[in-house]
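Peer 1: Sharing a structure below in structure tokens format, with a few things to ask.
The values are calculated or read from the model by the stated rules, or taken from the named source; none is laboratory data. Model, not experiment: these values are computed from the prediction. Glycine gets a Cβ as well: all are built from the backbone with ideal geometry, and neighbour counts include every protein chain shown.
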Amino acid sequence: MKKHLIVFLFLNAFVFNSFSQILVPKVKDDTTQQRIHNFFGFSLVPTLNGSLITFAIVRELRDGSTNISFISKDTFILQAMGMQTSKANPKKESFFKKYNISPATLEELWKLRYSQHPYSQKKILGWSNKESIPSPGQMIELKKFGIENMFSYCYGKNAFELLQLIQDPSWVARYKGL
């Protein structure tokens, strides 16, 4: 019985030690600067709580995929202003100041997708040429910002550049005409 126990412990120690070398690679004298992997973003997909836009922190993984953490619009604003700690804003800078954007611009994002506000009793017009999805020409414009389809996330620099453009009446007029 003792022999079996010793052999079992030895094999377990050998197996765990062997795999630890594979799972945790170490690079000697690695001085490369780590890039930021977390970004503020949004999707033109409504949320379960009634919001027409889904706000998130998008984490890019090394394999090219993304991991999405949902946040509220208020949290997005506070973190993007640097007023609340965020993985997407460790330096606590104000992205709204950096890109000269008003937080009120977030209220306009739904207009990219809808021709009319879907929940309002009043007729509030959006910018889309179709009822609840952008036209093919509008989708080509949105692809410039990483929105490949309605489930895609616009994030990082693209998100703030799109928000900048939403404030520009000439861009909005051009978008409506696509």
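Peer 1: Tell me the residue from K144, K111, K176, K122 that is under 22 Å from F39 (Cα atoms) and either over 24 Å from the mean Cα position of the chain (by Cα) or among the basic types (K, R) (or both), please.
Peer 2: K144
Peer 1: Would you check if L178 is surrounded by 12 or more Cβ atoms within 10 Å (Cβ to Cβ), of a type in the set (A, V, I, L, M) and at pLDDT 95 or above?
Peer 2: no
Peer 1: Assigned to a loop (DSSP other than H, G, I, E, B) and not aromatic (F, W, Y): is that true of N89 in this structure?
Peer 2: Spelling it out, N89 is indeed assigned to a loop (DSSP other than H, G, I, E, B) and not aromatic (F, W, Y).
Peer 1: Say we look at the stretch 94-127 and pick out the residues that are hydroxyl-bearing (S, T, Y) and surrounded by fewer than 15 Cβ atoms within 10 Å (Cβ to Cβ); which of these is nearest to I53 (Cα to Cα)?
Peer 2: Here the answer is Y119.
Peer 1: Let me ask something additional. Does the stretch 112-123 contain any residue that is aromatic (F, W, Y) and in contact with a Phe, Trp or Tyr (Cβ under 6 Å, 6 or more places away or on another chain)? Give the steps one after another, and end with the answer.
Peer 2: Narrowing the stretch 112-123 to residues aromatic (F, W, Y): 114, 119.
Filter once more, keeping what is in contact with a Phe, Trp or Tyr (Cβ under 6 Å, 6 or more places away or on another chain): none.
No, there is no match, as no residue in the stretch 112-123 is aromatic (F, W, Y) and in contact with a Phe, Trp or Tyr (Cβ under 6 Å, 6 or more places away or on another chain).
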